[in-house]
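Trainee: Before I ask anything, let me first share the structure, which is written out below as structure tokens.
The values are calculated or read from the model by the stated rules, or taken from the named source; none is laboratory data. From a predicted model like this one, the values you see are computed outputs, not experimental measurements. Here Cβ is always computed from backbone atoms with ideal geometry, including for glycine, and neighbour counts include all displayed protein chains. All accessible areas refer to the heavy atoms of the entire protein, side chains included, with ligands and DNA or RNA removed. Shrake-Rupley method; radii C 1.70, N 1.55, O 1.52, S 1.80 Å.
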Amino acid sequence: ATLGGMVIDGRRAVAAATPGKVATVMQALAAGNSVLALLWGSTLGCAAALALLLKQKILDLDTAMATVVEGMKDVVEPIIVLALAWALGGIIGAAGTADFIAAALTRGGLPAWALPASTSLLAYLISFATGSSFGTMGILFPLVGPLAWTLGGGDQKLLTHCFGAVLGGSLFGNVFSPIADTTILTQLATKVPLTDHVRTAGPYALLVGGLCLVLGDVGVGLGLFPPVVGLGLIVAAQTAALRVFGKRS
């Protein structure tokens, strides 16, 4: 439903901007309103679940609606975090923070090859401290985009590398940050203490994050090898580390 909503909304937007033009699926996805499509998808999913529960007489109407309300309570906090992240991104853009940081780092002599690694480190720290991947993306994307474009002199490969560093690094904190929603939900589902989950998941996240930083961001950034070779080296290093240090349960 979400994908279909994005395609429909995107084609409508393209048709309004260019009358008579039939947009392709990719053009429609690029022009579509993802937030509106997500609302459509969640609403239709909720309605379908309610219809199935009532038709099969698994729940009565009162119990089903009470369950919907309880489910909405669980998503209020992530919605607030995401809204605040969007607000922070808007403030950053209005204040010209991205241009200021780009100028400061350019004057400071930061080499372009070091930007992906610096971006990953920032994403690691912010995602762990906030426990929100979307919040980290909302903070870093408006900063890293103009910065990569400026330092790289319009190099699209550097821009793509930095965006990948934002996406990958933003997920780092979700794995084992004690305040991440995914960590809390995992603890609730598995019934294990939160500290035990953080302690056991941390080494895996640190291993993957460290290898990606060294072999992916630094190695590829320096031009020592192409991205595909870097990916292969990371997988090989992870496999070797698990064989050497891993224990069978």
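Trainee: Tell me which residues, restricted to segment 230-249, are more than 24 Å from the chain's Cα centre (by Cα) and free of Cβ contacts under 8 Å to residues at least 24 places away in the same chain.
Mentor: A236, T239, A240, L242, R243, V244, F245, G246, K247, R248, S249
Trainee: OK, next. Would you pick out the residues in segment 230-249 that are surrounded by 13 or more Cβ atoms within 10 Å (Cβ to Cβ) and either touching a Pro at 6+ places or on another chain (Cβ under 7 Å) or within 22 Å of V166 (Cβ to Cβ) (or both)?
Mentor: If the condition is that a residue be surrounded by 13 or more Cβ atoms within 10 Å (Cβ to Cβ) and either touching a Pro at 6+ places or on another chain (Cβ under 7 Å) or within 22 Å of V166 (Cβ to Cβ) (or both), then G230, L231, L233, I234, Q238 are the ones that fit.
Trainee: Among what's in segment 1-59 and is hydroxyl-bearing (S, T, Y) and open to solvent by 50 Å² or more (accessible area, probe 1.4 Å), pick the residue that is modelled with the lowest pLDDT. Walk me through it before giving the result.
Mentor: Going through segment 1-59, the residues hydroxyl-bearing (S, T, Y) turn out to be 2, 18, 24, 34, 42-43.
Okay, now just the ones that are also open to solvent by 50 Å² or more (accessible area, probe 1.4 Å), so 18, 24, 34, 42-43.
Values: T18: 83, T24: 83, S34: 78, S42: 82, T43: 86.
The residue in question is S34.
Trainee: Inspect all residues belonging to segment 167-190 and state whether any of them is among the small types (G, A, S), more than 16 Å from T119 (Cα to Cα) and assigned to a loop (DSSP other than H, G, I, E, B).
Mentor: The initial filter retains those residues of segment 167-190 that are among the small types (G, A, S), namely 168-170, 173, 177, 180, 189.
Next, from what is left, pick out any that are more than 16 Å from T119 (Cα to Cα): 177, 180, 189.
Keeping just the survivors that are assigned to a loop (DSSP other than H, G, I, E, B) gives 177, 180.
For segment 167-190, residues among the small types (G, A, S), more than 16 Å from T119 (Cα to Cα) and assigned to a loop (DSSP other than H, G, I, E, B): present.
Trainee: Same structure again: Do you know which residues across segment 144-165 are in contact with a Gly (Cβ under 9 Å, 6 or more places away or on another chain) and among the aliphatic types (A, V, I, L, M)?
Mentor: L158, L159, A165, listed by residue number.
Trainee: Can you run down the residue pairs with Cβ atoms below 8 Å, 6 or more apart or on separate chains, where the first is in segment 197-216 and over 23 Å from P116 (Cα atoms) and the partner is open to solvent by 30 Å² or more (accessible area, probe 1.4 Å)?
Mentor: Sorted first by the residue in segment 197-216, then by its partner, the pairs are H197/T186; H197/Q187; H197/T190; V198/P178; A201/V175.
Trainee: Regarding G219, is this residue more than 25 Å from A87 (Cα to Cα) and touching a Phe, Trp or Tyr at 6+ places or on another chain (Cβ under 7 Å)?
Mentor: So G219 fits the description; yes.
Trainee: Take the residues of segment 218-229 that are more than 22 Å from the chain's Cα centre (by Cα) and part of a helix (DSSP H, G or I): which is nearest to T119 (Cα to Cα)?
Mentor: Step one: list which residues in segment 218-229 are more than 22 Å from the chain's Cα centre (by Cα), which gives 219, 222-226, 229.
After this cut, where a residue has to be part of a helix (DSSP H, G or I) as well, the list is 219, 229.
Details: G219: 15, V229: 21 Å.
So the residue we want is G219.
Trainee: Could you please let me know if G154 is open to solvent by less than 30 Å² (accessible area, probe 1.4 Å) and not in a helix (DSSP H, G or I)? If you could, list the steps in order and put the result at the bottom.
Mentor: Numbers: open to solvent by less than 30 Å² (accessible area, probe 1.4 Å): yes; not in a helix (DSSP H, G or I): yes.
Answer is yes for this residue.
Trainee: Among residues belonging to segment 121-151 that are among the aliphatic types (A, V, I, L, M), surrounded by fewer than 24 Cβ atoms within 10 Å (Cβ to Cβ) and farther than 17 Å from T183 by Cβ, point out the one that is modelled with the highest pLDDT.
Mentor: Only one residue fits best here, namely L121.
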